[in-house]
Amino acid sequence: MLELTDIEAGYGRTRVLHGVTVPSGKVVAVLGHNGAGKSTLLRLAIGLIKPSKGRVLFDGEDITSLAPNRRVARGMAYVPQGQQSFGQLTTLENLQLVADGRREGRALVDAQLDRFPALAQFATRKAGLLSGGQRQQLAIARALITEPKLLILDEPTEGIQPTIVAEIEQTIMQLAAGGMHVLLVEQHIGFALQAAERYVVLASGHVTQTGEGGKAATSTVRAAMAI
Ligand SMILES: Nc1ncnc2c1ncn2[C@@H]1O[C@H](COP(=O)(O)OP(=O)(O)OP(=O)(O)O)[C@@H](O)[C@H]1O
Ligand SMILES: [Mg+2]
C-alpha cells in the first residue's frame, strides 16, 4: 500500500531521516525513542514535508511530490500526535466538519458514534472538555469519516489511561481485520509487535532493525531502539 524508499528529510538544513526505507504491509509499526524521527516520518508519509531524496509509493504510484490534500483524496488519513481536535466545537461538530459535503455524511458520523460509545455519550460536549483518551478517539473517528485505505496514527495511546488504551488498541485491530492498512507509530513495543505485520525501528533517524511483528522479540527491538 505505502512504501517509502531511501528517504532523506528534515527541517530546513537539519536532516532528521537518513536513508529510511519502510516496507508496505497490512499494519506497519514504527518504533523508536523520543526524537528518533517517527513523527517526521509520518509527516513525510502524508506529504506535510517533502524528502530531499527518496521515493514515496502509494498503491504502486509515485506520490513523492503530491500535496497532503491529494493524498487524502487518494485514501490516506493522518492522525497527528497529541489528541488534537477543535476544542471549541462539540464532539459531533468535530465529526460533521469532515462529513459535510460527503455523500452519506450523516451515516458516516453515526458509524463513528457507534464505534466509539464515549463519543456518542458526549456528542454535545465541547471537544476541549473531553478526556485525553476521548479526544484521541475523536481524532481517530474524524480520520475514519474519510473512509481511508490507509490510516496513519502517531502514538495513539500516548499518555492515555489504560482502559481507553485497550479500547484504542482493539479499534486498531478491528480496522486492520476489516481490511484497512495502518501505519502506526508506537513506543509500546508489546502491542506494536502484536499488531504489526512488519515493523521498523528508528534510532537517530536511521533504520536499525526491520522484521515481521509476530516473529520479533521485545528485547532485540529494545536493543535496536538504543543504537
Ligand atoms: N518542526 C521542526 N523543526 C525543526 N526540528 C524539528 C521539528 N520537528 C521535529 N524536529 C526535530 O526532529 C527530530 C525528530 O523529531 P520527531 O518529532 O520526528 O521525533 P519522534 O520520534 O516523533 O519523537 P517523540 O517520540 O518525542 O514524538 C528531533 O530532533 C526534533 O527536535
Ligand atoms: Mg513523535
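The values are calculated or read from the model by the stated rules, or taken from the named source; none is laboratory data. Computed from a predicted model, the values in this text were never measured in an experiment. So basically every Cβ, Gly included, is an ideal-geometry build from the backbone, and we count neighbours across all protein chains shown. All accessible areas refer to the heavy atoms of the entire protein, side chains included, with ligands and DNA or RNA removed. Shrake-Rupley method; radii C 1.70, N 1.55, O 1.52, S 1.80 Å.
Among the listed residues 45, 36, 9, 29, which satisfies the condition of being surrounded by 14 or more Cβ atoms within 10 Å (Cβ to Cβ) and assigned to a helix (DSSP H, G or I)?
Criteria check complete, one pass: 45.
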Revision key, fill the gap. Pairing a residue in region 152-174 that is in a helix (DSSP H, G or I) with any residue that is open to solvent by less than 20 Å² (accessible area, probe 1.4 Å) and within 15 Å of ligand 1 (Cβ to nearest atom), where Cβ atoms lie under 6 Å and the two sit 6 or more apart in sequence or on different chains, gives 165/157; 168/156; 168/157
Exercise for review: Scan region 160-174 and give yes if some residue there is away from ligand 2 (no atom under 16 Å from the Cβ), touching a Lys or Arg at 6+ places or on another chain (Cβ under 9 Å) and not acidic (Asp, Glu), otherwise no.
Suggested key: yes
Check your understanding: Do we find that residue 108 is touching a Lys or Arg at 6+ places or on another chain (Cβ under 9 Å), more than 16 Å from ligand 2 (Cβ to nearest atom) and open to solvent by 30 Å² or more (accessible area, probe 1.4 Å) in this structure?
Key -> no
**Study point:** Test for residue 31: is it farther than 22 Å from residue 215 by Cβ and touching a Phe, Trp or Tyr at 6+ places or on another chain (Cβ under 9 Å)
**Key:** no
Practice item. Enumerate the pairs (first residue in region 38-55 and in contact (Cβ under 8 Å) with a residue 12 or more places away in the chain and closer than 12 Å to residue 22 by Cα; second residue anywhere and open to solvent by 10 Å² or more (accessible area, probe 1.4 Å) and of a type in the set (Val, Ile, Thr)) with beta-carbon separation below 9 Å, excluding pairs fewer than 6 apart on the same chain, so at least 6 apart or on different chains. Key: 41/16; 54/5; 54/21; 54/64; 55/5; 55/64
Review point. Condition test on residue 57, is it within 26 Å of residue 201 (Cβ to Cβ) and open to solvent by 10 Å² or more (accessible area, probe 1.4 Å)?
Key: yes
